[in-house]
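Quick notes on the structure that follows.
The values are calculated or read from the model by the stated rules, or taken from the named source; none is laboratory data. As the structure is a computational prediction, the values presented were derived from the model and not from experiment. Cβ placement follows ideal geometry from the backbone for every residue including glycine, while neighbour counts extend to all protein chains displayed. All accessible areas refer to the heavy atoms of the entire protein, side chains included, with ligands and DNA or RNA removed. Shrake-Rupley method; radii C 1.70, N 1.55, O 1.52, S 1.80 Å.
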Amino acid sequence: MFATRHFCLIACLCANIGFSMSANAADPMSGDAARGRAIVAASCANCHGADGKASGKAYPKLSGQRPEYITEQLMNFKTRSREDLTMTDVSARLAPADIRDVAAYLSAIPAPVERTSAAPAPTPAGERLFSQGNPAAGVPACQSCHGPRGAGLAAAGVPRVAGQPALYVWSELEAFKSAERGTEGGNVMRIVASRLSEKEMQDLARYIAALN
Ligand code: HEC
Ligand code: HEC
């Protein structure tokens with residue numbers, strides 16, 4: 001595929017220059033954003049957009065996402081605790097320094113403020129679930145972790161969800177519910193999603209897609 005050819009190019013490039021740039025590899029905040037931009041342009045832009053503001057319905061936006069979270073998820077794809085045909089392949093070709101640089105570049109771009117075009121209209125049920133949960137079913141309020149506007153929480157490793165395409169949010173909730181997607185520390189999202197009905201997941205996906 002088109003994207004795959006670029007990966008070979010990047011992989012070779014990185015094999016040559018990777019080491020000289022890999023000081024502070026442990027700290028995702030210290031990446032080289034200019035180098036990250038070049039990697040994104042060559043290997044990620046087709047799906048996520050050159051600025052991380054993907055417009056496709058199935059692709060998550062990466063701009064403004066927490067750098068720790070971008071790093072963690074790329075490692076999850078690498079170790080296959082999170083499975084996705086494309087991203088398994090993509091992540092396998094990224095060296096630790098590449099991941100750090102890509103995270104530095106993407107996280108510094110302001111998150112999109114405009115709604116995803118043709119996002120389905122949110123329902124009051126989605127808003128209620130997000131802000132209050134459903135105590136009767138043991139569903140906690142999403143905002144208690146993801147924040148009242150869905151911006152996430154850096155300290156606790158909670159990702160930004162605001163403005164993600166509804167289809168993407170819904171498919172991730174499904175993946176947590178079916179335990180197809182692994183989670184970090186404590187299995188929180190698997191437990192939360194297992195208590196959501198199909199209708200509730202759809203309502204939440206619409207609401208989250210409209211948040212900014
Ligand atoms: C051919 C399309 C495609 C390409 C190219 C691609 N991705 Fe992805 N990416 C996806 C899809 C689809 C998902 C959602 C996977 C899922 O549902 O688990 C994803 C998910 C992600 C996630 C997780 C986001 C989240 O909110 O959980 C990160 C981080 C990511 N990609 C980074 C990258 C980087 C960095 C590159 C380039 C080096 C890249 N991707 C290239 C399609 C792509
Ligand atoms: C106790 C804290 C907590 C609560 C409550 C919570 N979440 Fe999460 N959520 C997380 C964490 C932590 C992650 C990252 C999971 C991982 O690293 O695998 C996450 C990930 C997600 C993701 C995947 C985002 C991405 O791009 O990868 C979605 C979608 C999501 N949550 C939606 C929800 C919804 C909807 C609710 C309410 C019904 C909710 N969350 C309640 C902590 C929480």
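Ile191 contributes about 80 Å² of solvent-accessible surface, heavy atoms of the protein only, 1.4 Å probe.
Taking amide H positions as modeled 1.01 Å from N, with prolines and chain starts lacking one, the residues under 5 Å from Ala108 and 5 or more places away or on another chain are Gly64. Of the three principal axes defined by the Cα atoms of the stretch 53-212, the extents in descending order read 45, 32, 29 Å. Taking amide H positions as modeled 1.01 Å from N, with prolines and chain starts lacking one, the residues under 5 Å from Val158 and 5 or more places away or on another chain are Leu153.
Note on Asp84: accessible area is roughly 70 Å² with a 1.4 Å probe, heavy atoms of protein only.
Using the Karplus relation 6.51 cos²θ - 1.76 cosθ + 1.60 with θ = phi - 60°, the per-residue 3J(HN,Hα) values for the stretch 139-145 come to 8, x, 5, 4, 5, 5, 10 Hz, with x marking Gly and Pro.
Peptides 175-183, 60-68, ordered by how many other C-beta atoms sit within 10 Å of their residues on average, highest first, read 60-68, 175-183. When each of the peptides 95-105, 146-156 is scored by how many other beta carbons lie within 10 Å of its residues on average, the order from highest to lowest is 95-105, 146-156. Taking 7 Å steps out from each Cα toward its Cβ at Ser194 and Ala41 produces label points 4.7 nm apart. Multiplying the residue separation of Ser81 and Gln143 by 0.36 nm and subtracting their alpha-carbon distance yields 19.8 nm. Amide H contacts under 5 Å for Asn134: Val139, restricted to partners 5 or more places along the chain or on a different chain, H placed in the peptide plane at 1.01 Å from N. The modelled label-to-label distance for the pair Ser178/Ala155, using points 7 Å beyond Cα in the direction of Cβ, is 3.7 nm.
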